[in-house]
Amino acid sequence: MNCEWVKENIVLCIYDELADDAKFEFEQHVRHCLPCRQELESALELKHSMGLHPVQEVSPGFLTESRMKLQEALEHTEQSRGWGRWIFDFSAWLHQIRLAPALAMALLMTGFAGGILTSYRMRPQNIAMVPAGAEEASIADVQSIVADPGSSRISITYNTLKPQMAEGPSSDPKIRQLLLLAARDPQNSGVRLDAFNLLTQKPQNDEVREALIYAVRYDRNPGVRLRALEGLKGFVRDDIHVRDAVLEALLHDTNAGVRQEAISLLDPVKADMSVREALRVLAGHDQNKFIRSESKRVLASTPHLE
Amino acid sequence: MVSQALNRVNDSELIRAAQRGDVAAFETLVRQYDQAVLRLALHLTGSEADAQDVYQEAFLKAYRHIGNFRFECSFYTWIYRIVTNLCLDYLRRRQTRREEPATITNSDGGETDLLDRVSDNRSGANPERDLMRRELGSKIAQALEKLTPRERMVFELKHYQGLRLRTIGEMLNTTEETAKNTLFRATQKLRGVLAPMRTVR
């Protein structure tokens with residue numbers, strides 16, 4: 001070991017990147033070599049000095065703001081579906097088949113089932129050769145009319161809209177799917193409200209919770225948003241997505257009643273830094289007097305955290 | 001070690017869910033790393049607005065391309081690779097503009113002196129010494145600006161983020177040896193620039 005080697009490796013030594021044996025030799029050398037020891041001290045001094053330009057901790061408010069902006073952006077972003085994703089990776093497929101035959105079989109079966117279902121849905125049911133059923137079902141729209149010039153025969157392609165009814169217990173997956181569909185019905189807020197009244201009986205279901213969060217964020221009707229908020233009540237403590245949705249409602253909802261409900265929902269998690277940051281902002285600047293006073297009250301109830 | 005392995009297993013499940021289009025799973029992944037990413041971006045850019053841009057672009061890029069993630073490295077390394085590339089681009093752009101960030105821009109558009117971020121927690125600190133510390137802090141910030149973007153990045157990841165050189169090499173798509181040489185050059189430059197400065201203790 002010579003001085004040249006030591007100088008080249010001083011930086012590794014001060015950042016603890018030297019192997020144990022090399023470090024031992026390094027220390028032995030430095031102990032007896034004054035120029036190398038001075039070099040080491042100078043490097044250590046530099047390392048110490050860099051502390052005068054410290055890494056700033058990210059403030060909770062800035063973090064929350066960044067997260068919200070990202071969340072908004074994610075809603076308008078789709079995952080890349082380039083050609084590369086569709087190229088069949090034979091080796092990976094072989095690897096997967098070898099490791100998980102059951103999974104491979106399930107995938108194949110799903111593929112077949114999906115194919116059958118898709119073709120069933122896409123079958124042109126709306127083409128009627130005989131107009132006998134036309135009066136039985138309401139006609140949604142006519143797609144095309146083709147008249148045969150050689151005869152009096154006319155071909156009309158039309159779609160029908162036939163009301164149907166489903167019955168079953170609330171545990172029936174088909175009923176739940178229909179309720180979830182109803183919960184996003186853009187036309188009828190009464191239907192959405194009815195759907196949420198039933199769905200919130202089982203909010204532990206992921207799909208239901210997702211529908212509730214969606215409604216809190218985007219439903220146009222404040223009554224529906226309020227009902228959805230109530231449905232999320234039991235999950236604010238444990239589910240961070242629910243907490244974020246409630247926090248967003250508190251900060252941005254246009255309806256004071258919804259925001260008031262959001263404050264009461266956030267009460268059990270008032271120690272959360274993001275929640276406290278939001279409450280501080282509202283306590284100081286919110287236009288609504290009640291929201292300001294409620295925010296102050298919640299903050300004041302935990303003086304040890306202030 | 002056990003907790004690291006568990007994190008990795010949890011990450012794998014979340015990544016697979018995100019690859020199936022589950023945004024909630026992706027957001028859970030984001031929560032595990034976003035604070036560190038934001039801290040790194042903020043320290044490198046010195047501006048809250050720029051740091052937020054880097055943060056958002058990094059995670060959106062990760063979301064768009066998560067289908068290409070092949071589990072050959074940890075998600076942490078993968079996301080840091082994206083972030084460091086974006087930060088490198090940012091530093092290169094800034095270098096061509098020759099900006100001198102003696103101040104940082106906060107989210108309100110106001111400017112804060114970099115030196116104000118240098119804390120002095122000692123009781124009874126005297127103004128003269130405080131002034132000297134602030135001057136030194138300023139010199140350090142200027143010295144860091146003199147590094148090339150790659151040197152700055154390696155130094156940042158090693159000195160401020162405390163990462164191993166091997167990990168830094170992986171993140172920057174280079175070898176551990178190259179990362180080591182870059183760190184050596186960075187510290188040599190910093191020592192050269194800051195040599196006349198006396199350390200205040």
Practice task
With +1 on each Lys and Arg Cβ and -1 on each Asp and Glu Cβ, and nothing else charged, work out how big the dipole of the range A:173-305 is about its Cα centre, in Debye to the nearest 20.
Solution key: 240
Exercise for the section: Hey, can you grab everything whose amide H is under 5 Å from the amide H of residue A:160? Only 5+ residues off in sequence or another chain; H modelled, so Pro and N-termini drop out. Expected result: A:140
Problem - Per-residue HN-Hα couplings for the range A:57-72 [Karplus 6.51, -1.76, 1.60; θ = phi - 60°; Hz; x = Gly/Pro] - result: 6, 6, 6, x, x, 5, 5, 4, 4, 5, 5, 5, 4, 5, 4, 4
Practice task
Calculate one ³J(HN,Hα) per residue across the range A:168-182 by plugging θ = phi - 60° into the Karplus curve 6.51 cos²θ - 1.76 cosθ + 1.60, and present them in order as whole Hz with x for glycine and proline.
Solution key: x, x, 5, 7, 5, x, 5, 5, 5, 4, 5, 5, 5, 5, 5
Exercise for the section: Output ³J(HN,Hα) for the range A:255-266: one whole-Hz value per residue in order, computed from phi by the Karplus curve 6.51 cos²θ - 1.76 cosθ + 1.60 with θ = phi - 60°, and x for Gly and Pro. Expected result: 9, 5, x, 4, 5, 5, 5, 4, 4, 5, 5, 7
Practice task
Run down the lysines and flag those whose C-alpha is under 22 Å from the C-alpha of residue A:289, throwing out any fewer than 8 positions away in its chain.
Solution key: A:270
Completion exercise
Going fewest to most other Cβ atoms within 10 Å around each Cβ, B:94, B:64, B:31 line up as B:31, B:64, B:94
Handout entry: Check: the range A:1-49 dipole with +1 on Lys, Arg Cβ and -1 on Asp, Glu Cβ, in debye
Key = 180
Problem - Selection of GluC sites (Glu not before Pro), the range A:36-71, meeting DSSP coil and at most 12 other Cβ within 10 Å - result: A:57
Exercise for the section: Any lysines with Cα under 20 Å of the residue A:23 Cα? List them, leaving off those in the same chain fewer than 8 positions away. Expected result: A:7, A:47, B:158, B:180
Exercise for the section: Place +1 on the Cβ of every Lys and Arg and -1 on the Cβ of every Asp and Glu in the range A:210-306, take the dipole about the Cα centre, and give the residue among A:229, A:293, A:240 whose Cα lies farthest towards its positive end. Expected result: A:293
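Coordinate-derived values only; no laboratory data. Nothing here was measured: the structure is a model prediction, and the numbers come from that model. Here Cβ is always computed from backbone atoms with ideal geometry, including for glycine, and neighbour counts include all displayed protein chains.
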